[in-house]
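Each remark here refers to the structure printed beneath this line.
Derivation of every value follows stated rules applied to the coordinates shown; laboratory data play no part. What you see is a predicted model, and the numbers here were worked out from it, not measured in a lab. Please note: Cβ atoms are built from the backbone with ideal geometry, for glycine as well, and neighbour counts cover all protein chains shown.
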Amino acid sequence: MQISFRAMTDADLAAIDAINEHAAARLTGLMGQPAFVGMMVCLMTGDMPVGYIAGLSIKGEADIIDLAVGKAYRRQGIARQMIMRFCTEHGQHITHLEVAASNHAARQLYQSLGFVETGRRQGYYPSGKGMANADDAVRMTRSGQAG
């Protein structure tokens, strides 16, 4: 599957919500910050967004704040391509992220891309349907290619 990347803009907020409900509200405040970087991922056959990645980056040190791929496009390598592109362009020295401890598929993906667990935030994510207790956030870090 051929995909393309383009910068995220305010005009993408509806598409972001279609991919990940309520994400636009979380990203709106970040988009105005000077360190904000966001990319939309589109199919080459059109300009239909199928995913996005957003974060903050200053001088080669980055934080991935949010990423999502539309349900119909998951497990096709799109998230892997987004993360690698983000790290190459914005996390040349180091990239950080947090992920729910119970999200084993995402944690395996990040580990396969060179991220290692560097800490935890106990009870960070609130309880949801079927969860008796709040979930921990796992802090993961990937060293980049400095210089």
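Pick the calculated mean projected area of the Cα convex hull in nm² for this structure from (1) 9.2; (2) 8.0; (3) 8.7?
The value matching this structure is (1).
Given points 7 Å out from each Cα along the Cα-Cβ axis, report the Ala25 to Arg80 separation in nanometres with one decimal.
Simple spin-label model gives 3.5 nm for this pair.
Given a Förster distance of 22 angstrom, what is the FRET efficiency for Ala106 paired with Ala11, based on the Cβ-Cβ distance and rounded to 0.05? Walk me through the numbers before you get to the answer.
On the way: r = 28 Å, r/R0 = 1.26.
Taking R0 as 22 Å, the efficiency between Ala106 and Ala11 is 0.20.
Quick query: amide H of Ala62 versus all other amide H atoms, modeled in the peptide plane; which residues come in under 5 Å with a sequence gap of 5 or more or a different chain?
Ile94, Thr95, His96
Which residue, Gly60, Gly32, Gly91, tops the fluctuation ranking in a GNM of the chain built on C-alpha contacts under 10 Å?
For the chain, modelled as a Gaussian network with Cα springs under 10 Å, the answer is Gly32.
If I stretch the segment between Asp47 and Lys59 completely, what's the gain in nm (0.36 nm per residue apart, minus their alpha carbon distance), one decimal?
1.3 nm
Using the number of other C-beta atoms within 10 angstrom as an exposure proxy, rank Glu61, Glu21 with the fewest first. Don't skip to the end; give the middle numbers.
On the way: Glu61 16, Glu21 10.
In increasing order of surrounding Cβ atoms, one gets Glu21, Glu61.
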